[in-house]
Every structure is written in C-alpha cells, then in structure tokens.
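Engineer: Take this structure first; my questions come after.
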Amino acid sequence: MTSDAKTVGEYLEQIPEDQKLVVGKLQKIIKKNLPKGFKEVMNYGMIGYVIPHSIYPDGYHCNPTLPLPFMGLAAQKNFVAFYHMGIYADPKLLKWFTEAYAKEVPSKLDMGKSCMRFKKNTVVPYELIGELVQKMTTEDWIKLYEKNYKKAPKKV
C-alpha cells in the first residue's frame, strides 16, 4: 500500500487508526536515534530515511535523481513494515539484530531481506529498533552501499 502523501504528517494522518499508534511510535523512535546526516522524507509512498544529495551527490544507482535510501516505514494492508537496508547488506548486523530480537520478543521475527513485518498482535521492540537505527552512520552506509551495490563505471 503506497501513499500519495507529500509530507510525513499527511502520511500519518492517512493511515488506518489501528496502525497509527505503531507507525507513530516507530517514527518517533527512529527520529530520536537517527544518526546525523540522514533525512526523513516521503519516499516510495512511505516514510523514508535517506542520505540526501547534499551528502551523497551520486544518489541511488537505480535512479540517481533520488537520494540514497536507507530505511523505510509503512502501514501495509495487514502489517506495519520497517525496512532497514543495513540489515540486508551487513551479515554481522543481521546476526546481532536477530539474536537480540529473539532474546527480547517471545514470537518469531517475521522478516524478509530488509523488511520486518509487525502484524496486529506482534510485540514491537521499539527500544531495540532505536538501537538498530543508531548502529550505522551515513559514512558506514555509503561505504557498504558502494561496496555491495553500486556498479563500477565501465572502462572504455
């Protein structure tokens, strides 16, 4: 479910009532713990946390007009989704998070490659998400992104 909201405030107003509490609380935790340089924007129809062009002029390799994405937060039809590209790109960070999650939350982690899904009755580990957000700076993400995803220019 994507939104045509232009601002984070508009997005938060538009999402279903039963998801507002979780999304709002996650958004506050993320902003409180967000390392310097990341910017909160509307991106891909959801709340996004990106490295702006002023810090990383190359932008996103799939579409250089977009800033470099890092995290996302969305109200989907049956769950709240939190996307963290650092977990997808850094196996050590993924290991730390999954182990910490298992210690803190009694239910199994519902996770794709970078997406955590929190359904209605899922316990949301807000403080753990805050800790995860702190673990990667803009510099860390740029290095990891360039190493893993950005294609080297073709030699002529």
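The values are calculated or read from the model by the stated rules, or taken from the named source; none is laboratory data. Being a predicted model, the structure only gives us computed values, none of them experimental. Here the Cβ positions follow ideal geometry from the backbone for every residue, glycine too, while neighbour counts run over all protein chains shown.
Engineer: Could you tell me how many of the residues in the stretch 125-156 are modelled with pLDDT of 95 or more and farther than 20 Å from PRO67 by Cβ?
Structural biologist: Qualifying residue count, the stretch 125-156: 10.
Engineer: When the stretch 58-72 is examined, which residues are found to be over 15 Å from GLY112 (Cβ atoms) and either touching a residue at least 40 places away in the same chain (Cβ under 8 Å) or crowded, with 17+ Cβ neighbours inside 10 Å (or both)?
Structural biologist: Of everything in the stretch 58-72, those that are over 15 Å from GLY112 (Cβ atoms) and either touching a residue at least 40 places away in the same chain (Cβ under 8 Å) or crowded, with 17+ Cβ neighbours inside 10 Å (or both) turn out to be ASP58, GLY59, TYR60, HIS61, PRO67, LEU68, PRO69, PHE70.
Engineer: Looking at the stretch 58-76 only, could you name the residues that are assigned to a loop (DSSP other than H, G, I, E, B) and under 23 Å from LYS28 (Cβ atoms)?
Structural biologist: Within the stretch 58-76, the subset assigned to a loop (DSSP other than H, G, I, E, B) is 58-59, 61-62, 64-67, 76.
Matches in the stretch 58-76: PRO67, GLN76.
Engineer: Please work out which residue is surrounded by the most Cβ atoms within 10 Å (Cβ to Cβ), limiting yourself to the stretch 82-115 and to residues that are among the aromatic types (Phe, Trp, Tyr) and part of a helix (DSSP H, G or I).
Structural biologist: My answer is PHE97.
Engineer: So, one more: What are the pairs, 6+ residues apart or on separate chains, where a residue within the stretch 95-121 that is in contact (Cβ under 8 Å) with a residue 60 or more places away in the chain has its Cβ under 6 Å from a residue that is of a type outside the set (A, V, I, L, M)?
Structural biologist: Cβ pairs passing all conditions: PHE118/PHE79.
Engineer: Determine if the stretch 45-55 includes at least one residue that is at positive phi, within 14 Å of the chain's Cα centre (by Cα) and in a loop (DSSP other than H, G, I, E, B). Talk me through it step by step, then tell me what you get.
Structural biologist: Pass one, the stretch 45-55, residues at positive phi: 45.
Cutting the leftovers down to within 14 Å of the chain's Cα centre (by Cα) gives us 45.
Those left that are additionally in a loop (DSSP other than H, G, I, E, B): 45.
Yes, because at least one residue in the stretch 45-55 is at positive phi, within 14 Å of the chain's Cα centre (by Cα) and in a loop (DSSP other than H, G, I, E, B).
Engineer: Only residues that are polar (S, T, N, Q) and under 16 Å from ALA5 (Cα atoms): list them for the stretch 23-61, please.
Structural biologist: GLN27, ASN43
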